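Here's the structure we're looking at; comments come further down.
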Amino acid sequence: MFSSIPSITRRLLIANVVVFVLQSLLGLSESTHAWPSWFELWPWVPSQFVVDGPGFMPWQLLTSGFMHGNIGHLVFNMLALVMFGASLEYHWGARRYAIYYFVCLIGSALLQLLFASIAIYEGQLYVTLGASGAIYGLLLAYGMLFPNRRVTLLPFPIVLKARTLVIIYALASVFYGVFTTGTGVAHFAHLGGMIVGWMVIRYWRKYPPKNGGGGNSDAARRDARMRELRERRKASKLRVVK
């Protein structure tokens, strides 16, 4: 099963798990437990405020997307990564999929940084970590490219069309981001991943890449489907050797 996951999705999965293990190990020692905070996403803190932490560093826009708060947070995101990311990588190819993922990751971090920095003036300090911004970008792309596919509304055992699932998650992110505080969930990061993802897909559809894969080419879809079928056939031929 693991070998059937396409290369970029598989590497992202491994990277997130490895970083979580390192976080956990560093947290076991008094001398190292504060190190991970340098890689979480901190708000930009004006000089008149004092916070117990490193504050914003540019690399946090990337590194925070590979860190998670607990095992449940990690499992939920990695399950969604495989569910949605694998199909998108088969459809777009590795290079375009990787570009999309990291653009959504950094774009969502920038929007979260903006709102977290504003919240400082209201006496609220938000430190963000997790791949959820990029994952929501993948969900948005999946709903746009495969709107009628049936998917499960995590964590509930409810099966919906992908397009309906995207609408539900988008509305939930807007509602909770605007009307709730102190939930411990970066709703604006989720929304940022979707907004940036939508912008990228719209750009690719308006200016399709020369080699296809912009999300609206029948030939590209056929090629992606053939790649997916070949990978599944390859996985089904695996044998156990004693």
- Message: Quick check on packing: order 126-138, 31-43 by the mean number of other C-beta atoms within 10 Å, highest mean leading.
- Response: 126-138, 31-43
- Could you do me a favour and compute the accessible area per residue for the range 1-136, 1.4 Å probe, result in Å²? 49
- Percentage, to the nearest whole number, of Cα pairs in the range 1-134 over 22 Å apart: 42
- Mind jotting down the distance between the C-alpha centroids of the range 192-210 and the range 106-142, whole Å? 19
- Message: Applying a 10 Å radius around every beta-carbon, put 113-121, 5-13 in order of their mean neighbour count, most first.
- Response: 5-13, 113-121
- Note on the structure: Karplus-derived 3J(HN,Hα) from phi for the range 98-109 (6.51 cos²θ - 1.76 cosθ + 1.60, θ = phi - 60°), whole Hz, x at Gly and Pro, runs 5, 4, 4, 4, 6, 5, 5, 4, 6, x, 5, 5
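Please list 99-112, 50-63 highest first by mean number of surrounding beta-carbon atoms within 10 Å per residue.
99-112, 50-63
The values are calculated or read from the model by the stated rules, or taken from the named source; none is laboratory data. This is a predicted model, so every value here is computed, not measured. A quick note on method: Cβ atoms are made from the backbone with ideal geometry, for glycine too, and the neighbour counts reach across all protein chains shown. Quick note on the areas: whole protein, heavy atoms, side chains included, nothing else; ligands and nucleic acids left out. Shrake-Rupley method; radii C 1.70, N 1.55, O 1.52, S 1.80 Å.
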